[in-house]
Amino acid sequence: MNRYQYIPIETDPSSKVKMYMNSKYPPVPVSPNDIYVITGFADILDLLAQQYYSDSTLWWIISIANDFLKQNSIFIPIGTQIRIPVDVNQILTSYRNLNS
């Protein structure tokens, strides 16, 4: 999934440069079906997204679900408990609605 396909593009009137607008991310509610893991040496967000969602580009879902993580990095400190949301379709729908 290309998360940028839903982001509006604006053109700067003076330079004619096209720019993506800022992405808006939906809140990710806690669900009793969510998975909790303690991160190990090789755990980074894109590999976890590949493992749990079969799509490494969905790493941002795990990131925003764990707002205590650095939001500008895919690296997670070893031994950190993180939540992996299970209802990805609902999150993606909310994301599309916010950015359409």
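The values are calculated or read from the model by the stated rules, or taken from the named source; none is laboratory data. Everything numeric in this text was worked out from a predicted model, so none of it was measured. Here the Cβ positions follow ideal geometry from the backbone for every residue, glycine too, while neighbour counts run over all protein chains shown. Note: areas computed on protein heavy atoms with side chains; ligands, DNA, RNA excluded. Shrake-Rupley method; radii C 1.70, N 1.55, O 1.52, S 1.80 Å.
Filtered by the rule that a residue be closer than 14 Å to residue 30 by Cα and part of a loop (DSSP other than H, G, I, E, B), region 45-100 gives 66, 67, 85, 86, 87.
Applying the criterion of being in contact with a Phe, Trp or Tyr (Cβ under 9 Å, 6 or more places away or on another chain) and open to solvent by less than 40 Å² (accessible area, probe 1.4 Å) to the residues of region 70-84, the residue that is farthest from residue 32 (Cα to Cα) is 80. Of all residues in region 31-60, those being surrounded by 10 or more Cβ atoms within 10 Å (Cβ to Cβ) and within 15 Å of residue 90 (Cα to Cα) number 5.
If you go through region 18-30 and keep only what is surrounded by fewer than 17 Cβ atoms within 10 Å (Cβ to Cβ) and under 14 Å from residue 87 (Cα atoms), you end up with 27, 29, 30.
Candidates 78, 64: the one that is touching a residue at least 24 places away in the same chain (Cβ under 8 Å) and more than 17 Å from the chain's Cα centre (by Cα) is 78.
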